[in-house]
Amino acid sequence: MNWQSKWLRVEPIMGSRRISNFCWACITSLGGLGFSSVGISSYLGKDLISVLPSQQIVFVPQGIVMCFYGIAGLFPSFYLWCTLLWNVGSGYNIFDKREGIICLFRWGFPGENRRICIRFPMKDIQAIRVEVGEATYPRRVFHMKVKGKQDVPINRISENLTLREMEEKAAELARFLHVSMEGP
């Protein structure tokens, strides 16, 4: 939910805590655990999980391969669970007319640079640029054109906005910042 007054605008940014990431984390975890349990069951000679029979699988080479696939499947699931736990990519955008600054804050991975905060003067903003790429997965992003720097993306690439909502949001921000808007 955005918050705006005459002098201040705050836009929260959703991070990795989305239903799709949670579903993928569950699917990869269950797949990795399933493959691992079948491989270990073939080694032990008895079923650890009755739903996943392993009597037809010989440990060398099929059981070893199943263990390898299981372990390989657990790595991406561990990564997804960590990004969900740390909510990587979440944050906010603050546009403060009184102070004349823009602050883009995001949470990263734990470590020295976990807090990512980019600040620059509002007077350096030249325009709001809308980028639209239509394909199987449409890419709808809007950027701030900043003097002497690369264009700074403002919204998430995976944010599911229609073209009309995207243009309205970009136009509203351009009006708030008193800058022009550039189309695709």
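The values are calculated or read from the model by the stated rules, or taken from the named source; none is laboratory data. Keep in mind the model is a prediction, meaning the values are calculated, not measured. Here Cβ is always computed from backbone atoms with ideal geometry, including for glycine, and neighbour counts include all displayed protein chains.
At a glance:
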read-out	value
So G133, is it surrounded by fewer than 15 Cβ atoms within 10 Å (Cβ to Cβ), more than 30 Å from G31 (Cβ to Cβ) and more than 19 Å from the chain's Cα centre (by Cα)	no
Qualifying residue in region 44-56 (condition: over 30 Å from W3 (Cα atoms), in contact with a helix residue (DSSP H, G or I) (Cβ under 7 Å, 6 or more places away or on another chain) and either hydroxyl-bearing (S, T, Y) or not in a loop (DSSP other than H, G, I, E, B) (or both))	yes
Lone qualifier among R156, R139, R114 - being under 25 Å from W24 (Cα atoms), in contact with a strand residue (DSSP E or B) (Cβ under 8 Å, 6 or more places away or on another chain), modelled with pLDDT of 85 or more and among the charged types (D, E, K, R)	R114
Filter result for the condition that a residue is in contact (Cβ under 8 Å) with a residue 24 or more places away in the chain and under 18 Å from the mean Cα position of the chain (by Cα), over S20, S29, S77	S77
Index of the failed condition, E99 passing every other in (1) within 16 Å of the chain's Cα centre (by Cα); (2) within 30 Å of I125 (Cα to Cα)	(1)
Some residue of region 12-30 being within 27 Å of V152 (Cβ to Cβ), out of contact with any helix residue (DSSP H, G or I) (no Cβ under 7 Å at 6 or more places or on another chain) and of a type in the set (D, E, K, R)	yes
Exclusive hit being buried (at least 18 other Cβ atoms within 10 Å of the Cβ), of a type outside the set (K, R) and at positive phi, set G89, G111	G89
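Here is a yes/no grid of residues against (1) closer than 30 Å to F22 by Cα; (2) of a type in the set (D, E, K, R); (3) in contact (Cβ under 8 Å) with a residue 40 or more places away in the chain:
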{"residue": "N87", "(1), (2), (3)": "yes, no, yes"}
{"residue": "G100", "(1), (2), (3)": "no, no, no"}
{"residue": "E112", "(1), (2), (3)": "yes, yes, no"}
{"residue": "F120", "(1), (2), (3)": "no, no, no"}
{"residue": "V146", "(1), (2), (3)": "no, no, no"}
{"residue": "D151", "(1), (2), (3)": "no, yes, no"}
{"residue": "F176", "(1), (2), (3)": "no, no, yes"}
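Matching residues to (1) farther than 27 Å from W107 by Cβ; (2) among the aliphatic types (A, V, I, L, M); (3) within 34 Å of the chain's Cα centre (by Cα); (4) buried (at least 18 other Cβ atoms within 10 Å of the Cβ):
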{"position": "D47", "(1), (2), (3), (4)": "yes, no, no, no"}
{"position": "P61", "(1), (2), (3), (4)": "yes, no, no, no"}
{"position": "C67", "(1), (2), (3), (4)": "yes, no, yes, yes"}
{"position": "W81", "(1), (2), (3), (4)": "no, no, yes, no"}
{"position": "L84", "(1), (2), (3), (4)": "no, yes, yes, no"}
